[in-house]
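Report on the following structure.
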Amino acid sequence: MFNQSRQNVIRLIIFVAFSVLIIRLIFLQLVSSNYDNLALDNAVNKKIIFPDRGIIFDRNGKSILENTLAYDLMILPTQLKGLDTAGICRILKINLVQFKERVISSIIKNGRYRPSVFEASLSVESFVQLQENIFRFEPGFFLQERPIRSYPYKAAAHVLGYVGEVDSNILKRTNYFYQLGDYMGLSGLERYYEPVLMGQRGVRYQIKDNKNRIVGAYEKGKFDSTAIAGRNLRTYLDIDLQVMAERLLKNKLGAIVAIEPQTGGILALASGPTYDPNQLTGNLRKANFSWLLRDTSRPLFNRAIKGQYPPGSTIKPVGALIALDEGVIGPDFGLGCSGAYYGCRRAIACEHKNPGHASNLRQALANSCNSYFSHIYRLAIDNPAERNTVNGYLRWKRYMNSFGMGVKLGVDLPSEDRGFIPDTSFYNKLYNRSWSSCTNVFLGIGQGEMQATPLQMANLMCVIANKGYYYTPHFVRSIDNALVSDTLLNVYKVRHDVTKIPDSMYNLVQLGMQDVVDRGTAVGARIAGIALAGKTGTAENYGIIYGKREKLANHSWFVCFAPRENPKIAVAVVVENAGFGSTWAGPIASLIVERYLKDSLSQERWKEVERIEGKEILLPIIKTKRNTLDSLRNERLKKNQLNFRVEILMPSVPINKKKKIILAFHLNAIKPNYEEKFI
Amino acid sequence: MKKNSFEISSGIDWVLVGVYVALVLIGITSIFATTYRDENIIAGFFSLKTDYSKQSLYFLISAVLAVLILLTDSKFFSATANIFYFFGIILLILVFPFHTDVKGTKSIIRFSTFQLQPAELCKIFVNLALAKYLSSVDLNFTKFKSQFIAMVIVLVPAILTIFQNETGLALVYFAFFLVMYREGLPSAILTISFSIALLVVLTLLIDQNILAIILTSLAVLLIFFIRKQIKKSKSILFAIITIWAVCVGIQKYAVPYFFNHVLKPYQVQRIYATVGKDFQVDLEKLSAEDIKKMEGKKKAGNYNVKQSQIAIGAGGFIGKGLLKGTQTRYDFVPEQRTDFIFCTIGEGFGFLGSLVLLSLYLFMVFRIISMAERQRSIFSRAYAYGVASVLLFHIFINIGMTIGIVPVIGIPLPLMSYGGTALITFTVLIFILIRLDADRHMILR
């Protein structure tokens, strides 16, 4: 009746219940070991402290780029309740509908519990207002700082490069040295000197709570390491010269390279068209980048180191040097030219017909006689000392290579191009082994298969100015707080001696080049009081337009160095499709030289700068394409807004179809014709 | 000892009082460890703004109440049991028109700053009333009518509580079946309901077909081992086969049917979440609203359980030490000072600490059972069993849910969880028992 025995059953039940709990605890706390790591992942935030990247200074100590802070307004959707959202709308000048759309899209992107960017790179005005009032919106909204580069001179975009977030490819390539979210130099000096500029990342272990908010340091910072700022670069660049060079290339395709011959230090390196480097900072980078990428004039393309042009007549001084050194001509060697070279099957036209314009080497250089240089090229190749054409050509090629032609110079910018000096195998293949000095006689006047980059041409001027040697062109003179381990600059301290050619021959060629400016093809480039030695070039070129190979307007070349006696600057200028070398490239180069040597320009010369700056030299096709792209862009912007709305309204419906159609349309518009080969 | 206090203190089970005080102090320490945020500790304890200072205040109030209870005549409780019960029911009913909405529950009445949760308090009244009924002189508990009345006493407040969206608190009332069992409820009812519960849990844990095979092989083995008895009476074989058929039927058909057609998908998901499984739902059959609900519930349910398991698991053998737990210190575990307070012990003091705490609880429950068995009056014994059952239920469900073996049901850990009503309720429950126990020689019925 009293069920005494049942107390034991109840005790058993209690005991079993507690045993179940304890067994589970044994499993949780003793057996399975991964909970400890999970807890760490959960609560300890390994925060990488990004050091300030190093600053890049020009030769006069002016900083070409700076570090500034941008602020993003971040949103944490779970914490929005009870916040003054209307206040946020007022500050950001958006309406409630837009506000809701943004909240929803951030939830779609990152979920409710993770912060996402609500407004990136706040304008100064909204930032000031927000900073004062942010306490009213916390923790639903908060400000996050983000270091970005800024470029006070808005110049040297191609030289400096840009910084961007690493992608998965880079992660793999660098063996996960970087982590997602890191920024690194992606091009230009930023990329080349990344190890110097990036400094050393710091790590801070922070404890965070369930909302990912930082609560404090982990173990009082025992495991933390401080960030070490990146080191500064001192360059040879003259930023004022650079700015002017970019002005001179405005609305033109082309490049300007100015080098200090004694050191190989690059004073200015401009590629036209260029862009404002500030466009590629911060969150605008992606949008602007893709736009720049689509531009038919290819503003992202660094023509100074990657543009490959036939050098045209600018190669003639080298031809003269080779012929002299080979001994196939003497300084007084002359040629009677009547307006063309008839030595080979096809006549090569010459600009000059008057007798005596090639009566000796200096004359021929000054007048840029095609016949003369075709002839001495053939003499060099067919030099009896070399026994046959192939050997002669190989020797000629060795000369060219030692002058830096057809090889990568090794400038401190990534992805430099080598230009092109054909190998004998090239001709063997092309002409089935039966070719002669006539086959490639055009090489003698810088045409044919030969291609060179503006940097190589400027370097060539350095060799001639230095009478036989050069230092690899480079930007960086020194690294602040340099370490023994900084080997990056070592290669630039090596003097490269070109095939030994006597100084007397250089003197002769130098004088010939001075004649070019004083009374030859480039009188327009003359600078009062400065002995400028230069050479014009007018390079024929072909492009494929609408599927047809067409001859395009000639590239305008000018290479020079000054002063002739004691050269301080060597310049190469190319302006695409601008006609004679003396019309555009010459005046541009002369302005560069004058600006650098005199440190200032007269009123009159500034007017000349403005005149050149105002001149637009673009192939009609580029203009047409640009206009098409512009209208497409506007259309796309409209459609994007539409897409955005669709995305917001129906997150689950695939809207890519629409995008694809627009994109396909887009690609077709660009694709058919404007070819890579034509630069 | 003073003369007047002698009477009060005589017969008091100081061991239980000691365990009680120890648990409350551990609770306050845990709340402190969870909510302490580098403020001045002394100021924190006296500010009454921090949770640990508030809990200390509740402890003080509880102590005063405990003394008052000890001062009360033990006959008072049995005499007023029914009145209190009806008072409790009226309170529960009054909740419906007068409740304040707090975090989705409809069980709280608010008088200015003071909050009252009758569903919590009612446990005391139901325990008293049940004990009173079970101790009636003319009771024959083998009769269905008496069993039915006892169940009504328990289930009426339970149902009212369910209507207040407090399923967890309502489930506690089922603990009183243990009391009824002790007082003569046929064991079959307990066995069957327990077996079905076990079967349902196993269904969740083990693949349907594998479980069917296990059950079948168990039945075959059983038949093999008791084949001699079966030879004597065929009805045993018949019973085994019936039980086997029912079990397989439940696990293979009834439970899936119940989950797929009776429960809402998000509820099923929550149940599955506790055993760490994903519930496979046929999404096409669901309305958009259901999917939305599920997404939310899935995250919340999984999140709590996962985080608390990580916290406890991270404690390891000896734990990270007080205030050192990264999980419990930084709000990773939601509701941590209340329902998930065990995490703090689990992370801070590891397996050893958890074992000590569980032993303390086990000791307390066993102690209460022993005390129950030494009573001479049925009222006191039934009451004591009621206290033990409620405690056991709370402890098992609460800790079970923090370590992921029980679905997340919001009930507090006795004496430890933050909250005034809960602490006071358990204090009153325990100290009435202590008072009754102190007078065990005086009360016969």
Check: C-alpha center region A:276-351 vs C-alpha center region B:23-61, spacing in Å is 82 Å
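Quick one: A:GLU565, A:GLU449, fewest Cβ neighbours within 10 Å first, how do they rank?
Exposure proxy ranking, most exposed first: A:GLU565, A:GLU449.
Would you mind putting A:237-247, A:310-320 in packing order, based on average other-beta-carbon counts within 10 Å, highest first? Kindly include the intermediate steps, with their values, before the conclusion.
Details: A:237-247: 22.8, A:310-320: 27.6.
Most protected by this proxy first, the peptides run A:310-320, A:237-247.
Can you sort B:ILE42, A:ILE530 so the residue with the fewest Cβ neighbours within 10 Å comes first? The partial results should precede the final answer.
Numbers: B:ILE42 8, A:ILE530 17.
Arranged by neighbour count, lowest to highest, B:ILE42, A:ILE530 become B:ILE42, A:ILE530.
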Burial ordering of B:HIS441, A:HIS555, fewest other beta-carbon atoms within 10 Å first: B:HIS441, A:HIS555
Looking only at other chains, what is the average number of their beta-carbon atoms within 10 angstrom of each beta-carbon in B:397-408? 3
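Across peptide A:8-15, what mean number of C-beta atoms from other chains lies inside 10 Å of a residue's C-beta?
Taking all residues of A:8-15 together, the mean is 6.
Counting other Cβ atoms within 10 Å, keep those with at most 13, restrict to DSSP loop, and tell me which chymotrypsin sites (Phe, Trp or Tyr not before Pro) in region A:315-381 are left.
Answer by residue number: A:TYR342.
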Test item: B:311-324 mean partner chain Cβ contacts at 10 Å: 4
What does the charge add up to near A:ALA270, with Lys and Arg as +1, Asp and Glu as -1, over the other residues with Cβ less than 12 Å from its Cβ? +2
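Please find the FRET efficiency linking B:ILE318 to B:LEU68, where r is the Cβ-Cβ separation and R0 is fixed at 35 Å, and quote it to the nearest 0.05. Numbers along the way, then the final one.
On the way: r = 41 Å, r/R0 = 1.17.
After rounding to 0.05, the efficiency reads 0.30.
Starting with the highest mean, order A:58-70, B:174-186 by the number of other Cβ atoms within 10 Å, averaged over the residues of each peptide. Walk me through the intermediate numbers first.
Numbers: A:58-70: 15.4, B:174-186: 21.6.
Top to bottom by mean Cβ count within 10 Å: B:174-186, A:58-70.
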Which of the peptides B:357-369, A:463-475, A:249-261 is most tightly packed, and how do the rest follow, going by the mean number of other Cβ atoms within 10 Å of each residue? A:249-261, A:463-475, B:357-369
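Values quoted throughout were computed directly from the atomic coordinates according to the rules given, and no laboratory measurement underlies them. Note that the coordinates shown come from a computational prediction; the quantities given were computed from them, not determined experimentally. We place every Cβ from the backbone using ideal geometry, glycine too, and count neighbours over all the protein chains shown.
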